[in-house]
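Please read the structure below before turning to the comments.
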Amino acid sequence: MMRTVYVNGEYLAETEAKVSIFDRGFLMADGVYEVTSVLDGKLIDFEGHAKRLSRSLNELDMANPISKADLLEVHRELVRVNEIEEGLIYLQVTRGSDGDRDFAFPDPETPSTIVLFTQNKPGLADNPAAKKGAKIISIEDIRWGRRDIKTVQLLYPSMGKMMAKKAGCDDAWLVEDGFVTEGTSNNAYIVKGNKIITRALSTDILHGITRAAVLRFAREAQMDVEERNFTIDEAKEADEAFTTSASAFVMPVVEIDGVTLGGGVPGRVAPRLREIYLEEMRKAAV
Ligand code: PMP
């Protein structure tokens, strides 16, 4: 089915939608994005994604081209016209274009570019990969130092996924100064007994919207949460490991650098958190 997408105030067929070759998103990766999942035709944690979008824009002195109410309306309209029951909505805002290429930011009055499109993913919640668990490799984290800003500079994360694929694995965890920062496109956790361990928030990692919800549910379920650094060696000796993201929810990890965890099958904590997350977030969806 030909998608209807949203570009700068207009709903267009995907083949008709265009942005300038001078757009700074294209030339300089001068843009930010969000990905919101859709379950039962409704948006999961729209509020969290809208808030983080504002923060990312703010940190980069980029104008917010749309009000929260209008943004919600655009998300809902795209879900409606594209008949999305389960899937994702991708949103990108860039610093726009003043018709040329220059390192200096254009005049602040230059309009931002805003683009949204849907990705139809039937079976997103019932993903068989979550029952099997993911195999990961560790690689060095050589990204820039403001990973808390959700920019479209995704070349290294893409390379990380390709390195994982080449090694016969699903994903990569990034390691800096001996400690795991996060996954290529998710936050990283290990479990020891009843304790969930994940790196604390800082500029070193993206402040995952799913992370915030999952940690809240874990605490409500009387699980211990410790926000601290951990090494890959500690992860290899953990009872369980998992990742969180808006597109894969809670994903168990069953192998790290060739070392199997929990006999190579998902344990008790990650699948339970996935269940709670999906149940609670479906209830709160808008
Ligand atoms: N870290 C990185 C580097 C990511 O790209 C993502 C997903 N975009 C996440 C963490 C998870 O964030 P969220 O739960 O908001 O999807």
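Odds and ends about this structure:
- Modelled FRET efficiency - R0 25 Å, Lys18 with Lys121, Cβ distances, 0.05 increments: 0.45
- Largest first, the residues Thr243, Thr231 sort by 1.4 Å accessible area into Thr231, Thr243.
- Each label point was placed 7 Å from the Cα along the Cα-to-Cβ direction; for Thr260 and Ala104 their separation is 6.2 nm.
- Length added when fully stretched, Ala285-Asp148, from 0.36 nm per residue minus Cα-Cα: 46.8 nm
- For the range 21-92, a Kirkwood hydrodynamic radius built from all Cα pairs, placed in the Stokes-Einstein relation at 4 °C and 1.567 mPa s, yields a translational diffusion coefficient of 99 µm²/s.
- Relative pair counts by distance (%), Cα atoms of the range 234-274, 5 Å bins: 6, 27, 32, 21, 13, 1
- Alpha-carbon centroid distance for the pair the range 191-245 / the range 45-77, whole angstrom: 26 Å
- Short to long, the 5 Å bins of the Cα pair-distance histogram for the chain hold 1, 5, 12, 15, 17, 17, 14, 9, 6, 3, 1, 0 percent of all pairs.
- Cβ-Cβ FRET estimate between Lys166 and Arg228, R0 fixed at 35 Å, reported to 0.05: 0.65
- Legend: translational diffusion of the range 128-284 by Stokes-Einstein, Rh = Kirkwood radius over C-alpha pairs, 25 °C, 0.890 mPa s; D = 159 µm²/s.
- Solvent-accessible area, 1.4 Å probe, carbon plus sulfur percent, for the chain: 52 percent
- Mean separation of Cα contacts under 8 Å, 6 or more apart, over the residue count of the range 137-238: relative contact order %: 28 percent
- Sequence of Leu60, Leu43 from largest to smallest accessible area, 1.4 Å probe: Leu60, Leu43
- Whole-number percent relative contact order across the range 4-120, with pairs defined as alpha carbons under 8 Å at least 6 apart: 38 percent
- Excluding same-chain neighbours fewer than eight residues apart, the aspartates and glutamates reachable from Lys121 by a Cα-Cα span under 18 Å are Glu14, Glu34, Asp40, Asp45, Glu77, Glu83, Glu85, Glu86.
- Set Lys132/Lys161; Lys18/Lys161; Lys132/Lys236 screened for pairs whose C-alpha atoms are more than 22 Å apart: Lys18/Lys161
- Dipole of the chain [Lys/Arg +1, Asp/Glu -1 at C-beta], most positive-end residue of Ile44, Gln92, Thr15: Ile44
- Per residue, in Å², the accessible surface of the range 217-286 once ligands and nucleic acids are set aside, probe 1.4 Å: 45 Å²
- Point-charge dipole on Cβ atoms (K/R +1, D/E -1) for the chain, about Cα centre, debye to 20: 640 debye
- Sequence-separation-based contact order of the chain, relative, with Cα cut under 8 Å and 6+ spacing, percent: 19 percent
The values are calculated or read from the model by the stated rules, or taken from the named source; none is laboratory data. A quick note: this is a predicted structure, and the numbers were derived from the prediction, not measured. Cβ sites come from the backbone with ideal geometry, for glycine too, and all protein chains shown count toward neighbours. Ligands, DNA and RNA are stripped out before the accessible areas are found, and what is left, the full protein with its side chains, is counted by its heavy atoms. Shrake-Rupley method; radii C 1.70, N 1.55, O 1.52, S 1.80 Å.
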